[in-house]
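The values are calculated or read from the model by the stated rules, or taken from the named source; none is laboratory data. The structure displayed is predicted, hence computed values, not measured ones. Heads up, the Cβs are rebuilt from the backbone with ideal geometry, glycines too, and the neighbour counts pull from every protein chain shown.
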Amino acid sequence: MKRLVVLGCAVAAGVALLAPPAVADTGRGWAATWAASAQEPHPLVSPVHAVEGFDNDTVRQVVRISAGGPAVRVRLSNAHSTTALKVGGATIAVSAEGAAIRPNTLRHLTFGGKRTAVIPAGGELVTDIAFLPVAPLQRLSVTLYFPTRTGRVTGHTFADASSYHASGDHRADATASAFGETTQSFYYISGVDVVDLAPRRNVVVAFGDSITEGAGSTPDGDNRYPDELAERLKGRVPVVNAGIGGNRVLNDSDCFGDRAVDRFARDALSQPDVRTVILLEGINDIGMSEIDFECALPNTRVTAAEVIAGYRKLIRQARTKGVRIIGGTLLPYKGSDYYRPQGEIVRDQLNTWIRTSGEFDGVVDFDQALADPTDPNTLNPTYDSGDRLHPNDAGHRAMANAVDLALL
């Protein structure tokens, strides 16, 4: 796995090459308000643009932030690319309908005072401060222009949010007329931060797999469980999403990213001002051991003891960085393509350990909140998206409501 380097500055003009932050960029006046975990594209699951890249193209991406602030910055990732990326320009604005923006809110983003930049292979670029006041739960449009061929794109495959594409340079367009194509992935953007006015770090990172990522919720609806949790908190505490569909605790996947024990430091502990992580991961470790699919390899069967050893690695990483970690129980999945009786035994053992071990700083019992009262091994039909594995909008809302806000 490539180590990220951070190329950029918080407020100062000028660009410096820095080592990865030891803890979440604390003390620099920034808090993460939105995030997407970076992935390497794979032709079996990624859109063609991610695999083949862009060339003289503009991409406008709409994100809903969780907390507001008087100014923002954007993080861009080239972590999984083997070539340097030229950014020909970037803007941020408050979103209007679809790809349109509110023209009076448009801000050109700069990098060390310049409107263009180059992100080295394996690197991350952080923009200068942009003086755009933003409100909690507001939708922002980040628009990137790529003047030359990019090569394979570092991004986020299953965004469940529309990205809008146009040929040529349209980063400052207020209307949607040039953006004739959409996909449901993010490209290069890995985070949006706001100037932090809180007296202490308080960001919550929801870390996990497709359930945290938002699978089963309505595309473009911002109804993922971390979104619903942010709505409960009404901007008082930022919540960012570090879920990756198909991700596992113990094994890497060419399609679904680095295993949790390896990506945790980058995707969770390095979020600016992180205080608490909610961990919900392990169902893919169980389920993928039962299917024969290229993206599931290696598909060796796991034991509860092995997954618990992975959880303990994550707990140690969090404690070392002074970050609290909350354990989430694994949701019911009987009736899904993943389900096997031996896998259910492992899930029950994991949930018992999460509830009773006392090793986490707290527990969210997602399993209990979403189980069918007549069959606790099955997802409640009221909350089922249809595949017996992923919650629908109501299920994601029930997950958010299961979180005791005092834990945060």
- Task: Kindly indicate whether R171 is among the charged types (D, E, K, R), touching a residue at least 60 places away in the same chain (Cβ under 8 Å), in a loop (DSSP other than H, G, I, E, B) and outside the structural domain of F146 (by TED's automatic domain parsing).
- Result: no
- Message: Just the residues that are among the acidic types (D, E) and over 20 Å from the mean Cα position of the chain (by Cα), please, taken from segment 372-408.
- Response: D372, D375, D384, D387, D404
- If H49 satisfies every condition in (1) modelled with pLDDT of 95 or more; (2) touching a Phe, Trp or Tyr at 6+ places or on another chain (Cβ under 8 Å) but one, which is the exception? (1)
- Query: With respect to P381, is the statement that it is surrounded by fewer than 22 Cβ atoms within 10 Å (Cβ to Cβ) and in contact with a strand residue (DSSP E or B) (Cβ under 7 Å, 6 or more places away or on another chain) true?
  - Reply: yes
- Qualifying position, being under 22 Å from the mean Cα position of the chain (by Cα), at pLDDT 95 or above, surrounded by 22 or more Cβ atoms within 10 Å (Cβ to Cβ) and in the same structural domain as T182 (by TED's automatic domain parsing), among A135, A161, A121: A161
- Could you say which residue among R301, R275 is touching a helix residue (DSSP H, G or I) at 6+ places or on another chain (Cβ under 8 Å) and basic (K, R)? R301
- Filter segment 183-195 down to residues that are polar (S, T, N, Q) and crowded, with 16+ Cβ neighbours inside 10 Å and give me whichever is nearest to V142 (Cα to Cα). S190
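Within segment 44-75, track down each residue that is of a type in the set (D, E) and within 20 Å of D227 (Cα to Cα).
The first filter runs over segment 44-75 and keeps only residues of a type in the set (D, E), leaving 52, 55, 57.
Passing the criteria: none in range.
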